[in-house]
Amino acid sequence: MPGFEIFGKEEQKEVNDVLETGVLFRYGFDGARNGHWKAKTFESEFANLTGVSHCHLCSSGTAALSIALAACGIGAGDEVIIPPFTFVASMEAVILAGAVPVFADIDETLCLNPESVESAVTERTRAVMPVHMCGSMAEIEKIKDICRKKDLILIEDACQSVGASYKGRFLGSFGHMGCFSFDPVKTITCGEGGAVITNDKELYLRADAYADHGHDHIGSDRGLESHEILGANYRISELNAAVGLAQLRKLDYILETQRAHKKAVKEALSQCPGISFRKIPDESGDSATFLSFFLDDESRTREAAKELAKAGVDGCFYWYDNNWHYIRQWHHLKQLKGAARLPLQLLDKYPDYSRINLADSDAVMGRTISMQIKLSWTWSDIEKRIKKLKGIFS
Ligand SMILES: *Cc1c(COP(=O)(O)O)cnc(C)c1O
């Protein structure tokens with residue numbers, strides 16, 4: 001899965017370009033930088049790849065979510081519908097914007113169930129933020145239709161699904177804005193980094209300004225630039241952008257390798273009784289970072305996760321018990337009300353998350369195991385893995 005597995009000469013070359021000039025800042029220093037604009041180059045290549053008109057590269061995926069929410073004007077008291085299976089950053093970004101996360105159920109796509117989204121809409125709903133989990137897609141067209149019908153903003157959290165597509169169109173390009181992460185364990189990495197993409201110039205300009213204290217980036221004197229909005233510092237450095245640029249150019253290779261590795265393991269596993277697979281709305285667009293499968297019930301699944309670990313089949317996740325990816329263990333969120341842990345004084349707007357019922361999501365997550373697909377596997381590694389899987393499941 002992660003780009004760090006193939007960190008090599010290409011990344012070193014890009015980083016060296018930056019080190020040789022000493023210009024680590026992504027803006028200005030036109031003379032000293034010797035023609036190297038790593039962040040800007042990444043942005044134009046990534047926009048090209050995803051088929052959108054604008055990209056802003058920033059310091060993390062979490063920053064990307066905050067930037068998108070701010071650019072879309074989502075703030076105090078606005079409800080944002082999100083799934084309970086994600087990384088905590090999705091929920092954090094909504095709360096730190098002063099907005100209220102409202103959880104809708106997931107289904108066997110491991111992403112938001114469109115029907116559950118529709119029934120979670122209230123008069124305070126401003127946005128829906130589907131998360132394309134584990135390398136593959138939500139029912140994004142159906143969710144987009146709901147947003148259109150109800151006049152809601154659509155922000156895609158595609159942090160785990162760079163390079164994945166639905167019916168030939170890249171994830172992240174369906175919504176008003178799409179967000180990506182290039183942290184050290186994502187498909188491609190900047191070390192730390194993230195990006196927002198959009199086809200809306202106005203949203204892009206706001207995102208670009210918000211990520212840099214409101215600077216409009218017009219003119220050649222930074223001190224004389226205007227600031228029409230307040231912002232923050234979510235800038236990426238040229239060093240991180242340089243790493244990302246080399247990684248981005250390896251994305252095709254990464255996807256091709258993952259898809260081949262996943263296909264082999266999935267074929268073998270599909271011959272085992274009692275196993276079914278995650279529903280993927282468009283199989284051909286799967287980025288294949290994970291192979292997610294279901295067993296019959298929670299106790300069998302938890303037992304299987306233990307057997308996999310014992311047999312040395314590494315990289316298998318039982319998310320239902322994971323502290324970071326599923327709401328069940330988000331005790332800090334559930335204590336928001338009681339312990340007043342929130343850094344904002346908006347507590348009366350928040351539901352009591354400890355009482356939330358997501359039985360449909362629990363039923364799916366309790367039966368799910370996700371296996372990370374590695375780039376560095378050799379075919380002999382894959383054969384050994386398949387043998388162990390057959391020993392456990394057939
Ligand atoms: C990784 C991730 C993020 C946050 O990205 P960072 O770059 O680590 O801040 C947000 N959402 C999801 C679904 C993620 O997996």
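Here, each number is a calculation from the coordinates, and none is a lab measurement. Everything numeric here is computed off the predicted structure, so don't read it as measured data. Every residue, glycine as well, gets a Cβ built from its backbone with ideal geometry; the counts of neighbours run over all protein chains shown.
So which GluC sites (Glu not before Pro) in segment 13-89 end up in coil per DSSP with only 16 or fewer other C-beta atoms within 10 Å? The partial results should precede the final answer.
Working: sites: E14, E20, E43, E45, E79; in loops: none.
Nothing satisfies the criteria.
So if each residue of separation counts as 0.36 nm, and I subtract the Cα-Cα distance between I392 and A76, what length gain in nm does that give?
108.7 nm
Among the aspartates and glutamates, which fall within straight-line cross-link reach of K262, defined as a Cα-Cα distance under 14 Å, with same-chain neighbours fewer than 8 residues apart omitted?
Filter leaves E283, D286, D381, E383.
With r defined as the distance between the Cβ atoms of D151 and L96 and R0 fixed at 22 Å, what FRET efficiency is calculated, to the nearest 0.05?
Numbers: r = 25 Å, r/R0 = 1.12.
Taking R0 as 22 Å, the efficiency between D151 and L96 is 0.35.
If r is the Cβ-Cβ distance from E267 to S354 and R0 is 25 Å, what FRET efficiency results, to the nearest 0.05?
Details: r = 43 Å, r/R0 = 1.71.
For E267 and S354, the calculated efficiency is 0.05.
Where nothing but the Cβ of Lys and Arg (+1) and of Asp and Glu (-1) is charged, how large is the charge dipole of segment 244-323 around its Cα centre, in debye to the nearest 20?
Numbers: 12 positive and 13 negative charges, 49 e Å.
Magnitude of the dipole: close to 240 debye.
Under unit Cβ charges (Lys, Arg +1; Asp, Glu -1), what dipole magnitude, rounded to 20 debye, does segment 3-250 have relative to its Cα centre?
Numbers: 22 positive and 35 negative charges, 79 e Å.
Its charge dipole is roughly 380 debye.
Expressed in nm to one decimal, what extension gain is obtained for the pair E10 and H213 from 0.36 nm per residue of sequence separation less their Cα-Cα distance? It would help to have the intermediate numbers written out before the result.
On the way: separation 203, 0.36 × 203 = 73.08 nm, distance 3.24 nm.
So the chain would gain 69.8 nm between E10 and H213.
Using Cα positions and a limit of under 22 Å, work out the lysines in reach of K38, with same-chain residues fewer than 8 apart set aside.
Excluding near neighbours in sequence, the set is K9, K13, K186, K201, K250.
For a quick check of your reading of the filter: which GluC sites (Glu not before Pro) in segment 99-133 sit in a DSSP loop and have no more than 11 other Cβ atoms within 10 Å? Before the final figure, lay out each step's value.
Numbers: sites: E108, E115, E118, E123; in loops: E108, E123.
Passing sites in segment 99-133 are E123.
So in the chain, what percent of DSSP beta bridges are antiparallel if you round to the nearest 5?
65
Assuming 0.36 nm per residue, please report the length gained on full extension of the stretch A232 to E45 beyond their Cα-Cα distance.
On the way: separation 187, 0.36 × 187 = 67.32 nm, distance 2.50 nm.
Additional length available on full extension: 64.8 nm.
Looking at the square roots a ≥ b ≥ c of the eigenvalues of the Cα gyration tensor of segment 248-311, which shape do they give, rounded for a/c under 1.5, prolate if a/b is larger than b/c, or oblate?
Values: a/c = 2.43, a/b = 1.91, b/c = 1.27.
Verdict is prolate for segment 248-311.
So, R0 is 22 Å and r is the distance between the beta-carbons of S376 and K306; what FRET efficiency does that work out to, to 0.05? Working shown, then result.
Working: r = 25 Å, r/R0 = 1.14.
Using R0 = 22 Å, I get an efficiency of 0.30.
What is the set of long-range amide H partners of D212 at a cut-off below 5 Å, with H atoms built 1.01 Å from backbone N?
Answer set, sorted by chain and number: A232, Y234.
Using only Cα atoms, locate the centre of segment 12-66 and the centre of segment 77-131, then give the distance between them in Å, rounded to an integer.
First find each Cα centre; the distance between them is then 31 Å.
Diagonalise the Cα gyration tensor of segment 252-393 and give the resulting equivalent ellipsoid semi-axes, square root of 5 times each eigenvalue, largest first, whole Å. Spell out each step's value before the answer.
On the way: eigenvalues 241, 62, 38 Å².
Gyration-tensor ellipsoid for segment 252-393: 35, 18, 14 Å.
Given the DSSP H assignment, sum -39500 (n - 2.57) over each helix run of at least 4 residues in the chain and divide by its residue total; what's the result at 222 nm in deg cm²/dmol, nearest 500? Intermediate results must be reported in sequence, preceding the final value.
Numbers: 14 runs with 147 residues, N = 394.
Taking each H run of at least 4 residues, the total per residue is -11000 deg cm²/dmol.
Using DSSP, restrict attention to beta bridges with both residues in segment 57-209 and report what percent are antiparallel, rounded to the nearest 5. Could the numbers behind the result be given before it?
Working: 9 of 22 bridges.
Here the share of antiparallel DSSP bridges comes out near 40 percent.
What aspartates and glutamates does K334 reach when the alpha-carbon gap must be under 14 Å and sequence neighbours fewer than 8 apart in one chain are set aside?
Result set, ordered by chain and number: E92, D352.
From the Cα gyration tensor of the chain, with a ≥ b ≥ c the square roots of its eigenvalues, which class applies: rounded if a/c is under 1.5, or else prolate if a/b is larger than b/c, or else oblate?
Numbers: a/c = 1.99, a/b = 1.21, b/c = 1.64.
Oblate, because a/c is 1.5 or more while a/b does not exceed b/c.
Placing +1 on the Cβ of each Lys and Arg and -1 on the Cβ of each Asp and Glu in the chain, which of G366, F85, A138 has its Cα farthest towards the positive end of the resulting dipole?
About the Cα centre, the residue reaching furthest to the positive side is G366.
Rounded if a/c is under 1.5, else prolate if a/b is larger than b/c, else oblate: which is segment 119-257, with a ≥ b ≥ c the root eigenvalues of its Cα gyration tensor?
Values: a/c = 2.35, a/b = 1.12, b/c = 2.09.
In terms of gyration-tensor shape, oblate.
Place a point 7 Å from the Cα of L239 along the Cα-to-Cβ direction; which residues of segment 179-200 have their backbone N under 12 Å from it?
191-192
Using the crude model of +1 on Lys and Arg Cβ and -1 on Asp and Glu Cβ, and no other charge, please compute the dipole size for segment 252-393 relative to its Cα centre, in debye to 20. All intermediate terms of the calculation are to be shown ahead of the outcome.
On the way: 23 positive and 19 negative charges, 70 e Å.
So the magnitude is around 340 debye.
Only Cα pairs under 8 Å and at least 6 apart count here; give the relative contact order of the chain as a rounded whole percent. Don't skip to the answer; put the middle values down first.
Values: 831 pairs, mean separation 80.5, N = 394.
Computed over the chain, the figure is 20 percent.
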